[in-house]
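These notes are about the structure you will find just below.
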Amino acid sequence: MTRGVTAPGLTGPDLSAPVRRLVVEGAHVATVDAHDTEHAGGHVVVDGSRIVAVGPGPAPAWATAGLAPPGSRPGSWSATPDAAPIPVERVDGRGHLLTPGLVNTHHHLYQWLTRGIAQDSILFDWLVALYPTWARIDEPLVEAGAAAAIAVLARSGCTTVGDHHYVFPAGSGDLLGGIVRAATTVGVRLHATRGSMDLGRSQGGLPPDFAVETTDAALRASQEAVARFHDPSGDARVQIAIAPCSPFSVTPDLLREAAVLGRQLGVRLHTHGSETVEEDAFCLERFGRTPTQYLEDLGWLGDDVWMAHCVHLDEHAIGRFAATGTGVAHCPSSNGRLAAGIAPIASLLAAGAPVGLGVDGAASNESGQLGTEIRQAVLFGRLRSGADAFSVRQGLRLATIGGARVLGRDADLGSIEVGKLADLALWRVDGVEFAGIADPVAALGLASLPPLARLWVGGDSVVADGELVHADQGLLAEGAARASAELRARV
């Protein structure tokens, strides 16, 4: 996996540092486990990258003393070489809400460079307006945009970033490598997808011909991306999925062969699906199928697949998603920005389909924050299905364990439980905006986004008091502004 510093403002976490213990006490702990267990004034104990204790009240004495947990197997506990107590960092969580780190299941990080364009367009018109600009990206620009976008995600509580990059202009350099570097140096986990488009306008697709690849080239590049970057381990910092873009920008051959390739390589599959009524009309006219029927015919339903948006699913499609375990990346703000509609999330959840949250690209969700999507999901869910159909805790579940399930990482991520990775977000809820609020979780699901006091990824501190630990936010902002101006000048 590529590491190192190639962009201003990026230094990266030291993952070789000695094992330390982290003890958070006094916070309202929302574990998001199977029973939605919560501890008012609870504790969480972390050794190295994993959680070793969770519960009500103060942390046990062994935890604060840096000793081994009771009943530890010999050799199972990471201590210093001389078996002395390990260093302990104690964090006072009083007045705070502790949640799992948020999981973003869909983004287009490079679009940070093209925010505020085509502000009043629906999806197809918006894409036509932006494709000529996106076709001029290159490695330095993409890395600068990705670094800024990931910084904003981290500062909004996100510990795992899912990205769908599908524009690869000829001669543009190592675009995926630039995204991996940006995520690694900021310190978050990355689920990068090697996207692709091979259906240009001359063949009846939406993107211009100069913005697409050949089918064979896209498949070769996808296989190479998996070989270079994919880490299948439970504590992986970078994983890769294969992700042809959409039914209106990809040929049936690429969809079919990409599904075969992904399963041969043991990686997940991702695409856009049923985002707009125009997409439905395109698929019905061109293929005689709804998007879900068309994608299923090509092998694109299964528990190793997730799709972005899924706004226009009928009852049959919802049933097929649930029966096959196909995941959904719900992007409420982007769907509102592009007037795509409101996805049937309550129905998908009731049927048992995996659902997570996504920001989508910042060119259709200019805030770029994942934390704010919890509130958006709650409000949109109620507008579609009723006030009692979507709770704030369901919103939090989408942003955490739901997203982890969609990405196939729920065994290690998405909830605060013993044995899971210590990806944690500590929100300050004692300020004037939240003073006296009856339910701390409502601060995320109904109120404004609380300030982020701390963010840990595998026990490593990534955000402290709202500031990035491993990167200079000012330099990232300057770099993104320069990159945006340069990209506009190329058009």
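Of the residues making up region 392-433, those that are outside any loop (DSSP other than H, G, I, E, B) and of a type in the set (Val, Ile, Thr) number 4.
Considering only residues that are among the acidic types (Asp, Glu) and in contact with a strand residue (DSSP E or B) (Cβ under 9 Å, 6 or more places away or on another chain), look in region 268-289 and name the one that is farthest from residue 338 (Cα to Cα). Across region 268-289, the extreme among qualifying residues is 279.
Whether a residue is of a type in the set (A, V, I, L, M, F, W, C) and not in a loop (DSSP other than H, G, I, E, B) was assessed, and residue 236 does not pass this test.
Looking across 387, 411, one residue alone is out of contact with any helix residue (DSSP H, G or I) (no Cβ under 8 Å at 6 or more places or on another chain), modelled with pLDDT under 95 and farther than 26 Å from residue 149 by Cα. It is 387.
Residue 363 fulfils the conditions (1) under 20 Å from residue 353 (Cβ atoms); (2) at pLDDT 95 or above; (3) small (Gly, Ala, Ser) except for a single criterion, (1).
Taking the numbered list (1) under 19 Å from residue 347 (Cα atoms); (2) touching a Leu at 6+ places or on another chain (Cβ under 9 Å) in turn, residue 257 passes all entries but (1). Taken together, 120, 82 contain a single residue that is charged (D, E, K, R), part of a loop (DSSP other than H, G, I, E, B) and at pLDDT below 95, which is 82. Is it the case that residue 269 is without any contact (Cβ under 8 Å) to a residue 40 or more places away in the chain and under 17 Å from the mean Cα position of the chain (by Cα)? Considered against the rule, which asks whether it is without any contact (Cβ under 8 Å) to a residue 40 or more places away in the chain and under 17 Å from the mean Cα position of the chain (by Cα), residue 269 comes out as yes. Applying a threshold of 7 Å to beta carbon distances and a minimum spacing of six or more residues, or different chains, the list of pairs starting in region 159-180 at a residue that is part of a helix (DSSP H, G or I) and ending at one that is surrounded by fewer than 22 Cβ atoms within 10 Å (Cβ to Cβ) and of a type in the set (S, T, N, Q) reads 177/2; 180/2.
Restricting region 273-311 to residues that are among the hydrophobic types (A, V, I, L, M, F, W, C) and free of Cβ contacts under 8 Å to residues at least 12 places away in the same chain leaves a set whose member that is farthest from residue 258 (Cα to Cα) is 281.
Step by step: first the residues of region 421-436, then only those that are farther than 15 Å from residue 29 by Cα and surrounded by 16 or more Cβ atoms within 10 Å (Cβ to Cβ), then the one that is modelled with the highest pLDDT. Which residue is that? So the residue we want is 421. Of the residues 203, 223, only one is within 24 Å of the chain's Cα centre (by Cα), surrounded by fewer than 22 Cβ atoms within 10 Å (Cβ to Cβ) and either in contact (Cβ under 8 Å) with a residue 12 or more places away in the chain or in the same structural domain as residue 268 (by TED's automatic domain parsing) (or both); which? Selected residue: 223, the only one of 203, 223 that is within 24 Å of the chain's Cα centre (by Cα), surrounded by fewer than 22 Cβ atoms within 10 Å (Cβ to Cβ) and either in contact (Cβ under 8 Å) with a residue 12 or more places away in the chain or in the same structural domain as residue 268 (by TED's automatic domain parsing) (or both).
For region 249-267, taking the residues that are in contact with a strand residue (DSSP E or B) (Cβ under 7 Å, 6 or more places away or on another chain), assigned to a helix (DSSP H, G or I) and not small (Gly, Ala, Ser), the one that is nearest to residue 218 (Cα to Cα) is identified as 254. Within region 299-314, being surrounded by 21 or more Cβ atoms within 10 Å (Cβ to Cβ) and either over 21 Å from residue 107 (Cβ atoms) or not assigned by TED's automatic domain parsing to the domain that holds residue 283 (or both) holds for 301, 312, 313. If only residues of region 182-201 that are out of contact with any helix residue (DSSP H, G or I) (no Cβ under 7 Å at 6 or more places or on another chain) and assigned to a loop (DSSP other than H, G, I, E, B) are counted, the one that is farthest from residue 106 (Cα to Cα) is 199.
Listed by position, the helices (runs of 4 or more DSSP H) contained in region 310-362 that have at least 1 residues being under 20 Å from residue 283 (Cα atoms) are 315-324, 332-337.
The set of residues from region 21-40 being closer than 23 Å to residue 439 by Cα and either touching a Pro at 6+ places or on another chain (Cβ under 7 Å) or crowded, with 22+ Cβ neighbours inside 10 Å (or both) comprises 24, 25, 27, 28, 29, 30, 31, 32, 39. Of the residues making up region 368-388, those that are outside any helix (DSSP H, G or I) and crowded, with 17+ Cβ neighbours inside 10 Å number 3.
The values are calculated or read from the model by the stated rules, or taken from the named source; none is laboratory data. For clarity, every value in this text was computed on a predicted model and none was experimentally measured. All Cβ positions, glycine included, derive from the backbone under ideal geometry; neighbour counts span all protein chains shown.
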